[in-house]
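The values are calculated or read from the model by the stated rules, or taken from the named source; none is laboratory data. Nothing here was measured: the structure is a model prediction, and the numbers come from that model. Positions of Cβ are backbone-derived with ideal geometry, glycine not excepted, and every protein chain shown enters the neighbour counts.
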Amino acid sequence: MASLGLRFFGIAALLGGLYVPVCHAVTTVTVSATASHTIPTTLYGQMFEDINHSGDGGLYAELLQNRAFQQVTPGDSSSLDPWVAVNGAELEVIADTDPVSSALPNSLQVTIPSDATGSVGFSNPGYWGIKVDPSWTYNASLYYRFPSESPYSGTLTVGLESDTGEVFASNSTTIDGSQTSWANVFLTLTPSSSASNTNNSFFVTINGSEAAGEIVNFAMFSLFPPTYKDRPNGMRIDIAETLAAMKPTFFRFPGGNNIEGQSFDTRWQWNATVGSLLDRPGRMGDWGYANTDGLGLLEYLTFFEDVGMEPIMAVWAGYSLNGESEPEDALAPFIQQAIDQIEFVVGDPSTSDAAALRASLGHPEPFYLNNVEIGNEDFFASDSYVYRWPDFYGNLSAAFPDLTFIATTYPFDPVIYPTPPHYDVHVYQTPDWFIENAFYYDSFERNGTTYFEGEYASISTNASNLYGTPEEGRFLYPTMQSSTAEAAFMTGLERNSDIVFAASYAPLLQLANDSQWTPNLVNYDAGTVYPSTSYYVQQLFAVNLGDEYIPSTLPTEDGTLFWTISRNSTSGDTFIKIVNPVTDEQDLLFDLAFTTVASSGTLQLFHGTQNDSNTPTTPDLITPQTSTITTGQAFNYTAPGYSVSVITVNAS
Ligand code: AHR
């Protein structure tokens, strides 16, 4: 436990005309020169699922929403959203008698009115906007066919325009009425100027008077800006760079709830997410909108290699969000599908069809994979996890003895056999809970079982209605109160990293215009990324981490001041993280047992007031500030209220 001394501070308080010395308690932290354990290389990472348009409309760089009319019902008014007609064209989503592919049965049928003049067609405003950047080349693509042969031949134009009609870029080609089978049109767009905002759309038009009375079917549109590391069908650069700057060591995917499906049929299935985009039907995701599955298994894996992180990959485990579990005697095909999913990632193309498929798609070498998670939050179906866990775990570990498998229940309920070697633990709670539970793992038995804190976030100040509305206490965006409370908890994760091998805040991403869950780590709109206060906490913890944990005086268990110390055993750089999650500043005295400690170090200070929050309207309100700090074998530090401080000092 920390010892408290008293220290007179230089600044005195003025009381009734007299200067009275202000007396602060000083917490002395004695730091060992010997590490207690090695810190796992996977400690800080990211948890991803398509929620809040974090895949389609977020990380996945495709700009057009509802690009291929996947998972919509032709004839429904919403099937067209957000496409709109330009200059009187008649638009209808139809079940095409000759679809562009069996996976994409719907087309956009466009009828040019017989009295049309001018440019007639349709447009798409993207995911609540499209960024127009003159330094970018956009790749536009579509398929078209004439349902009935026609002598028509004319110009088709695609482009980018503002909501006031200013055209930033356009390009044209000739389409031909003799084209009754599907033809692919590919055109690039290079804007001549930038747009003042993101209220822009992608348009497709033809000359109305020339094409009057014609009917044309369109399918599988696409509009891509440049992507992260230049990958075709890749990731949005600013979001990917923001994630990479957190130096994540792993990426948990594809859910979360979004692997589960609202029913068995709508579960995430790896094999529906690979290969040509024309062969991906998409699915109704678990967060109220269709997933295109353009961000498929191969795109995920390629992204992990590009960032330099490893997957924590979930397989579907026989339970869907509607509460239904597959009976035990029906599990075999799903276990095989999970085996094939893993084979796709790590298998040998000469012995596995799934691995051969991966090789045919350009990646003959296996991807790195160590951790596989069986299901998601299976404590919700504990009655069936008692057979689903042994059936999945038994078969998968027999097929892949070198892999590590993670159960998605709590260790105590249900009790499952064989005893899981690893558990994924989730917690969404109040700031107070996170502060009070900084010692959550300290009492856990050291019996070989390890833990993945796979989802956690401080989401509300209202303990009795955690998932209520913002008026009821739920955070819309992380605040300094919620973020520093998470940081207090994280000091406990780091201290207990002998048994906690990974941890990730959740959810990761949020399209600010339309979301299903708050708060989230990184927010964005069509043009800008807004890292939250919790993002900076995660980044400070992940970037400033040694390979060995250095024991020190323990914080007081029911206190309000926390710290954790790690060290790079090669360079000697020692990372002292101090968290003060309450209003008042608090004083510490560090006493390091190392023989040599540099006389100065670096301070990264992240602090604000309780309700400070980085939002789309206050984007960079609080960011970490770096300065030089006097250090040595013993030095004082005052942690401001609502702060995370990282002192980096060389010690040997
Ligand atoms: O992170 C949001 C949801 O919370 C996840 O999808 C689910 O696993 C948890 O209940």
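Exactly one residue out of 107, 114 is part of a strand (DSSP E or B) and among the hydroxyl-bearing types (Ser, Thr, Tyr), and it is 107. Which members of the range 418-432 meet the condition of being away from the ligand (no atom under 16 Å from the Cβ) and acidic (Asp, Glu)? Matches in the range 418-432: 432 only. Is the range 123-133 home to any residue that is of a type in the set (A, V, I, L, M, F, W, C) and surrounded by fewer than 17 Cβ atoms within 10 Å (Cβ to Cβ)? No.
Taking the criterion of being part of a strand (DSSP E or B) and buried (at least 17 other Cβ atoms within 10 Å of the Cβ), the residues of the range 92-104 that qualify are 93, 94. Can we say residue 382 is part of a helix (DSSP H, G or I) and more than 16 Å from the ligand (Cβ to nearest atom)? Considered against the rule, which asks whether it is part of a helix (DSSP H, G or I) and more than 16 Å from the ligand (Cβ to nearest atom), residue 382 comes out as no. Evaluate the range 246-263: report whether one residue or more is free of Cβ contacts under 8 Å to residues at least 24 places away in the same chain, surrounded by fewer than 21 Cβ atoms within 10 Å (Cβ to Cβ) and away from the ligand (no atom under 13 Å from the Cβ). No: the range 246-263 contains no residue that is free of Cβ contacts under 8 Å to residues at least 24 places away in the same chain, surrounded by fewer than 21 Cβ atoms within 10 Å (Cβ to Cβ) and away from the ligand (no atom under 13 Å from the Cβ).
Scanning the range 279-298 for residues that are more than 16 Å from the ligand (Cβ to nearest atom) and acidic (Asp, Glu), we see that the one that is farthest from the chain's Cα centre (by Cα) is 279. The residues in the range 438-467 that are within 16 Å of the ligand (Cβ to nearest atom) and of a type in the set (Gly, Ala, Ser) can be counted, and the count is 4.
Taking the condition surrounded by 21 or more Cβ atoms within 10 Å (Cβ to Cβ) and of a type in the set (Gly, Ala, Ser), does residue 359 pass? No: the conditions fail for residue 359.
Confirm whether residue 494 is at pLDDT 95 or above, away from the ligand (no atom under 16 Å from the Cβ), among the acidic types (Asp, Glu) and touching a Phe, Trp or Tyr at 6+ places or on another chain (Cβ under 8 Å).
Working: at pLDDT 95 or above: yes; away from the ligand (no atom under 16 Å from the Cβ): yes; among the acidic types (Asp, Glu): yes; touching a Phe, Trp or Tyr at 6+ places or on another chain (Cβ under 8 Å): yes.
Taking the combined requirement at face value, the residue satisfies it.
(1) closer than 30 Å to residue 121 by Cα; (2) away from the ligand (no atom under 16 Å from the Cβ): which one isn't true of residue 274, the others all being true? Of the numbered conditions (1) closer than 30 Å to residue 121 by Cα; (2) away from the ligand (no atom under 16 Å from the Cβ), the odd one out for residue 274 is (1). For residue 308, indicate whether it is surrounded by fewer than 21 Cβ atoms within 10 Å (Cβ to Cβ), under 15 Å from residue 370 (Cα atoms) and not aromatic (Phe, Trp, Tyr). Yes, satisfied.
Checking the structure you have, find out if any residue of the range 78-88 is assigned to a loop (DSSP other than H, G, I, E, B) and over 30 Å from residue 217 (Cβ atoms). Step through it out loud before you land on a result.
Within the range 78-88, the first condition is being assigned to a loop (DSSP other than H, G, I, E, B), and the residues that meet it are 81-83, 87-88.
Then keep just the ones that are over 30 Å from residue 217 (Cβ atoms); that gives none.
So far as the range 78-88 goes, no, none of its residues is assigned to a loop (DSSP other than H, G, I, E, B) and over 30 Å from residue 217 (Cβ atoms).
Could you tell me whether the range 42-64 includes any residue that is modelled with pLDDT under 95, more than 16 Å from the ligand (Cβ to nearest atom) and not in a loop (DSSP other than H, G, I, E, B)? No, there is no match, as no residue in the range 42-64 is modelled with pLDDT under 95, more than 16 Å from the ligand (Cβ to nearest atom) and not in a loop (DSSP other than H, G, I, E, B).
Being part of a strand (DSSP E or B) and away from the ligand (no atom under 11 Å from the Cβ) narrows it down to one residue among 488, 503; which is it? Before the answer, list the steps.
Numbers: 488 fails: part of a strand (DSSP E or B).
Of the residues listed, the single one that is part of a strand (DSSP E or B) and away from the ligand (no atom under 11 Å from the Cβ) is 503.
Pairs meeting the criteria (first residue in the range 284-307 and at pLDDT below 95, second residue in a helix (DSSP H, G or I) and within 16 Å of the ligand (Cβ to nearest atom), beta carbons under 6 Å, at least 6 apart or on different chains) are lacking.
More than 29 Å from residue 80 (Cβ to Cβ), away from the ligand (no atom under 16 Å from the Cβ), aliphatic (A, V, I, L, M) and at pLDDT 95 or above: does that describe residue 220? Taking the combined requirement at face value, the residue does not satisfy it.
Do the conditions hold for residue 435, that is, is it over 30 Å from residue 394 (Cα atoms) and either away from the ligand (no atom under 16 Å from the Cβ) or among the polar types (S, T, N, Q) (or both)?
On the way: over 30 Å from residue 394 (Cα atoms): yes; either away from the ligand (no atom under 16 Å from the Cβ) or among the polar types (S, T, N, Q) (or both): yes.
For residue 435, the condition - over 30 Å from residue 394 (Cα atoms) and either away from the ligand (no atom under 16 Å from the Cβ) or among the polar types (S, T, N, Q) (or both) - is met.
Considering each residue of the range 339-379, count those that are within 16 Å of the ligand (Cβ to nearest atom) and aromatic (Phe, Trp, Tyr), and give that number. Can you show your working first?
At the first step, the residues of the range 339-379 found to be within 16 Å of the ligand (Cβ to nearest atom) are 373-379.
Still in the list and also aromatic (Phe, Trp, Tyr): 379.
The qualifying residues number 1.
Cβ separations smaller than 6 Å between residues 6+ apart or across chains give the following pairs from the range 137-161 residues that are within 23 Å of residue 117 (Cβ to Cβ) to residues that are part of a strand (DSSP E or B) and among the acidic types (Asp, Glu): 153/176.
Could you say whether any residue in the range 538-548 is modelled with pLDDT of 95 or more, within 16 Å of the ligand (Cβ to nearest atom), within 30 Å of residue 253 (Cα to Cα) and buried (at least 21 other Cβ atoms within 10 Å of the Cβ)?
Here is the first cut: in the range 538-548, the ones modelled with pLDDT of 95 or more are 538-548.
Narrowing further to those that are within 16 Å of the ligand (Cβ to nearest atom): 538.
This time we only want the ones that are within 30 Å of residue 253 (Cα to Cα), so: 538.
Now drop any that are not buried (at least 21 other Cβ atoms within 10 Å of the Cβ), which leaves 538.
The answer is yes, given that some residue of the range 538-548 is modelled with pLDDT of 95 or more, within 16 Å of the ligand (Cβ to nearest atom), within 30 Å of residue 253 (Cα to Cα) and buried (at least 21 other Cβ atoms within 10 Å of the Cβ).
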